[in-house]
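What follows is a short report on a single structure.
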Amino acid sequence: MAQISLSRRLRRTPFSDGVEAAGVKGYTVYNRMLLATVFESVEADYRHLKNHVQVWDVSCERQVELRGPDAARLMQMLTPRDLRRMLPGQCFYVPIVDETGGMLNDPVAVKLSEDRWWISIADSDLLLWVKGIANGYRLDVLVDEPDVSPLAIQGPKADDLLARVFGDRVRDIRFFKFDKFEFEGRELAIARSGYSKQGGFEIYVEGSDIGMPLWNALFAAGEDLLVRAGCPNLIERIEGGLLSYGNDMTDDNTPHECGLGKFCNTHTAIGCIGRDALLRVAKEGPVQQIRPIAIDGDAVPPCDRPWPIVAGGKRIGQITSAAWSPDFGTNVSIGMVKLSHWEPGTRIEIETPDGMRGATVREKFWI
Ligand code: THG
């Protein structure tokens with residue numbers, strides 16, 4: 001395989017020196033930044049993540065900061081999730097939609113205070129949309145990308161590792177809440193969240209200069225816990241049904257098609273820019289939706305383009321993420337399936353690069 005050439009346009013992170021020293025074997029590009037995809041092998045990384053604890057450089061989850069009197073108003077304009085009951089110290093998974101109800105991003109919103117928010121974005125240029133809205137509506141708010149880089153601690157031993165570095169108080173952080181902790185004289189927000197189903201935290205590292213000191217402190221403290229550098233794991237995130245923006249959905253999809261209707265309160269999300277469009281489409285209900293799909297046979301190749309799903313000679317959807325699951329002994333996958341074939345148990349066929357495969361629509365993801 002050819003190499004990707006590095007340049008200023010492909011940003012390194014505050015932890016890149018540590019990621020390289022840990023022997024990273026593969027990268028992807030996410031928000032124009034490096035994101036590791038493999039250390040030992042995707043399967044070995046998966047096994048280690050489920051048994052121990054990993055430190056993930058997820059700096060590419062960039063923050064869009066909203067600061068000023070209109071910050072909360074602007075945040076509500078971006079999402080159909082009702083934010084009125086959200087308190088400082090909480091994180092919300094929020095679909096972000098455009099004026100047609102199309103998904104622009106699926107970030108985690110972090111409420112620091114009434115007038116200061118972070119939007120921890122997936123892979124799309126959300127900063128430009130948010131700046132455009134703020135300026136177009138003449139809002140009293142500053143919008144920028146601060147020097148904040150998330151570092152995720154994931155796996156069953158994440159509590160033990162973080163308690164050694166930040167104290168036992170980290171154990172009290174509840175799911176999708178954050179608290180502030182000191183490291184080298186700096187206050188850092190630490191949330192119980194992360195892009196895996198194995199449990200853990202995300203440290204919002206404010207100030208690139210403390211990146212490597214924190215990285216090194218975590219590895220020094222966790223040696224006997226077998227801590228390793230890791231990264232979002234393809235197999236585990238499909239088993240857990242964690243969606244990948246740009247892969248599993250795009251701006252052509254509504255939140256309802258993505259199964260994110262539970263994160264929408266379109267009737268009460270007054271001010272949301274996509275509200276009218278979503279109210280119209282929600283009345284009819286979606287005609288296609290994301291489903292977990294088990295694909296027959298041995299390991300499928302990487303899904304680097306949508307694989308058509310066919311039934312009765314007709315195209316009825318597409319697979320957008322797929323991997324062999326050692327724990328479930330099947331290929332796990334995520335697909336967008338038309339209403340006519342989305343019932344659990346429905347047998348379908350997948351046009352993979354190495355031939356047709358039988359597959360079954362499932363009711364639930366694997367974990
Ligand atoms: N953490 C932070 N920022 C992120 C991600 C993250 N930005 C990019 C990307 N991941 C955004 N996408 C997601 C997708 C899923 C979840 C979080 C961000 C997630 N979902 C849980 C689930 O579906 O089980 C919980 C959702 C809930 O109940 O609120 O965690 O991972 N900082």
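Just to verify a result, which residue in the stretch 190-235, among those that are part of a helix (DSSP H, G or I) and under 17 Å from the mean Cα position of the chain (by Cα), is nearest to the ligand (Cβ to nearest atom)?
The first filter runs over the stretch 190-235 and keeps only residues part of a helix (DSSP H, G or I), leaving 208-221, 223-225, 234-235.
Imposing the further condition that a residue be under 17 Å from the mean Cα position of the chain (by Cα) reduces the set to 234-235.
Numbers: L234: 14, I235: 16 Å.
Checked the stretch 190-235; the qualifying residue nearest to the ligand (Cβ to nearest atom) is L234.
Give the residue that is most open to solvent (accessible area, probe 1.4 Å), with candidates limited to residues of the stretch 178-211 that are touching a Pro at 6+ places or on another chain (Cβ under 9 Å) and more than 16 Å from I153 (Cβ to Cβ).
E184
Would you say A122 is outside any strand (DSSP E or B) and buried (at least 23 other Cβ atoms within 10 Å of the Cβ)? Show your work before the answer.
Values: outside any strand (DSSP E or B): yes; buried (at least 23 other Cβ atoms within 10 Å of the Cβ): yes.
So A122 fits the description; yes.
Looking only at the stretch 277-310, how many residues end up being in a loop (DSSP other than H, G, I, E, B) and surrounded by fewer than 18 Cβ atoms within 10 Å (Cβ to Cβ)? Show your work before the answer.
First, the residues of the stretch 277-310 that are in a loop (DSSP other than H, G, I, E, B): 285-287, 296-306.
This time we only want the ones that are surrounded by fewer than 18 Cβ atoms within 10 Å (Cβ to Cβ), so: 285, 287, 296-299, 301-302, 304-306.
Summing the residues that are in a loop (DSSP other than H, G, I, E, B) and surrounded by fewer than 18 Cβ atoms within 10 Å (Cβ to Cβ) in the stretch 277-310 gives 11.
Taking the options R164, R174, name whichever one is under 15 Å from G194 (Cα atoms) and either more than 16 Å from the ligand (Cβ to nearest atom) or open to solvent by 40 Å² or more (accessible area, probe 1.4 Å) (or both). Show your work before the answer.
Values: R164 fails: under 15 Å from G194 (Cα atoms).
Sole residue among the options that is under 15 Å from G194 (Cα atoms) and either more than 16 Å from the ligand (Cβ to nearest atom) or open to solvent by 40 Å² or more (accessible area, probe 1.4 Å) (or both): R174.
Taking only the stretch 1-42 into account, find how many residues are within 24 Å of Q63 (Cα to Cα), open to solvent by 20 Å² or more (accessible area, probe 1.4 Å), touching a Leu at 6+ places or on another chain (Cβ under 8 Å) and not in a loop (DSSP other than H, G, I, E, B).
Count: 5.
Let me confirm something: among G317, G274, G261, G335, which residue is within 16 Å of the ligand (Cβ to nearest atom) and buried (at least 16 other Cβ atoms within 10 Å of the Cβ)? Before the answer, list the steps.
Values: G317 fails: within 16 Å of the ligand (Cβ to nearest atom); G274 fails: within 16 Å of the ligand (Cβ to nearest atom); G335 fails: within 16 Å of the ligand (Cβ to nearest atom).
Exactly one residue qualifies, and that residue is G261.
Just need a number here: residues in the stretch 117-128 that are within 19 Å of the chain's Cα centre (by Cα) and away from the ligand (no atom under 14 Å from the Cβ). Before the answer, list the steps.
Filtering the stretch 117-128 for residues within 19 Å of the chain's Cα centre (by Cα) gives 117-127.
Filter once more, keeping what is away from the ligand (no atom under 14 Å from the Cβ): none.
Total meeting the criteria: 0.
With F166, F178 as the choices, which residue is free of Cβ contacts under 8 Å to residues at least 40 places away in the same chain and either of a type in the set (F, W, Y) or in contact with a Gly (Cβ under 6 Å, 6 or more places away or on another chain) (or both)?
Numbers: F178 fails: free of Cβ contacts under 8 Å to residues at least 40 places away in the same chain.
After applying the criteria, what remains is F166.
From the list L128, L78, L83, pick out the single residue that is free of Cβ contacts under 8 Å to residues at least 24 places away in the same chain and farther than 27 Å from D160 by Cα. Steps first, answer last, please.
On the way: L78 fails: free of Cβ contacts under 8 Å to residues at least 24 places away in the same chain; L83 fails: free of Cβ contacts under 8 Å to residues at least 24 places away in the same chain.
That would be L128, the only listed residue that is free of Cβ contacts under 8 Å to residues at least 24 places away in the same chain and farther than 27 Å from D160 by Cα.
The values are calculated or read from the model by the stated rules, or taken from the named source; none is laboratory data. Treat the numbers as computed from the prediction; the structure is a model and nothing was measured. Neighbour counts run over all protein chains shown; Cβ positions are idealised from the backbone, glycine included. To get the accessible areas, we keep the full protein, side chains included, count just its heavy atoms, and leave off ligands, DNA and RNA. Shrake-Rupley method; radii C 1.70, N 1.55, O 1.52, S 1.80 Å.
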